[in-house]
Amino acid sequence: MSQVQKSWKASVLTLYPEMFPGSLGHSLAGKALEAGKWALETLDIRAFSSHKHRAVDDTSAGGGPGMVLRADVVAAAIDGARRQGDARPAIYLSPRGRPLTQARVTELAGGEGVILLCGRFEGVDERVIEARALEEVSLGDFVLSGGEPAAMALLDACVRLLPGVMGAESSALEESFTSGLLEYPHYTRPRVWEGKEIPEVLLSGDHGKVAAWRREKAEAITRERRPDLWSTYRRDQQKGQSHESD
Ligand code: SAH
């Protein structure tokens, strides 16, 4: 019997399903979606409410401004997205989450897909985060008005890594973060623009010299802009060297 390859599947739980596919319907992700290299399902959280007027939120216990998404409604939506034997992680996009990294993106792209919960208002009732073992993932140290743009960013980052999605597969290996360094600068024609020349070495045709120049620049940029990444990179390099001499 021929094994049908199941495509990587994203289920997005949102109060604004009409926001999707949004940017994911264009360019690389959009073409891959059309070609069936991944699948996108949006579930309207409101459809899972059994309350009057399909209410999804209520006031925050203890007082204070803002509304909170109800645990029962969110749980019903998550359970509605899960099929039997579904091994996909359920992720709540949240400013309190662990910041998203290329390493986590690579892991997620290597799995079966993701279930993404987009919060709104003040967020969701804490009990559903615990009860459904939601992984909290943040896009960065800033506050969005809703999880949707964060879900789109996470999906965009995953989808471009799926087999057959990116044209030049090797570009994923060289770019920022994959090597632990920020990427070196790029240039293209014209050779001189506003009096600025493309660095001579890049036109030399000497692949060894080009590679050395790029590494030097990548290291300098990382050291200057991201001391956090730089110290991890240096530590890993030193570890690598000590293994070589073992
Ligand atoms: N009161 C919350 C913020 C809620 S913002 C707090 O101070 O932590 C509303 C929703 O936007 C959140 O539920 C979450 O889904 C989304 N969101 C906001 N900032 C985000 C970020 N940096 N990363 C991922 N999702 C975010």
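Listed values, structure above:
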| item | result |
| --- | --- |
| Residue match in region 158-173 (condition: closer than 30 Å to residue 73 by Cβ and crowded, with 16+ Cβ neighbours inside 10 Å) | yes |
| Flag for residue 36 being outside any helix (DSSP H, G or I), modelled with pLDDT of 95 or more and surrounded by fewer than 17 Cβ atoms within 10 Å (Cβ to Cβ) | yes |
| Residues of region 77-107 classified as in contact with a helix residue (DSSP H, G or I) (Cβ under 8 Å, 6 or more places away or on another chain), within 13 Å of residue 129 (Cα to Cα) and without any contact (Cβ under 8 Å) to a residue 60 or more places away in the chain, total | 3 |
| Every residue from region 186-219 that is of a type in the set (Val, Ile, Thr) and either assigned to a loop (DSSP other than H, G, I, E, B) or more than 15 Å from residue 174 (Cβ to Cβ) (or both) | 188, 192, 198, 201 |
| Positions within region 82-93 being surrounded by fewer than 22 Cβ atoms within 10 Å (Cβ to Cβ) and either closer than 24 Å to residue 104 by Cα or outside the structural domain of residue 133 (by TED's automatic domain parsing) (or both), in sequence order | 82, 83, 85, 86, 87, 88, 89, 90 |
| Residues located in region 127-182, provided they are away from the ligand (no atom under 16 Å from the Cβ), within 12 Å of the chain's Cα centre (by Cα) and aliphatic (A, V, I, L, M) | 159, 161 |
| Matching residues, region 40-73, being within 14 Å of the ligand (Cβ to nearest atom), within 25 Å of residue 88 (Cβ to Cβ), outside any helix (DSSP H, G or I) and hydrophobic (A, V, I, L, M, F, W, C) | 56, 69 |
| Filter result (within 16 Å of the ligand (Cβ to nearest atom) and of a type in the set (A, V, I, L, M, F, W, C)) within region 82-121 | 90, 91, 93, 100, 105, 108, 114, 115, 116, 117, 118, 121 |
| Residue list for region 135-156, restricted to those being hydrophobic (A, V, I, L, M, F, W, C) and in a loop (DSSP other than H, G, I, E, B) | 139, 142, 143, 144 |
| Region 94-134, residues that are part of a strand (DSSP E or B) and surrounded by fewer than 16 Cβ atoms within 10 Å (Cβ to Cβ) | 96, 98, 99 |
| Qualifying residue in region 211-232 (condition: aromatic (Phe, Trp, Tyr), at pLDDT 95 or above and not assigned by TED's automatic domain parsing to the domain that holds residue 27) | yes |
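The values are calculated or read from the model by the stated rules, or taken from the named source; none is laboratory data. As the structure is a computational prediction, the values presented were derived from the model and not from experiment. Because the Cβ atoms are built from the backbone with ideal geometry, glycine has one as well, and the counts that use them run over all protein chains shown.
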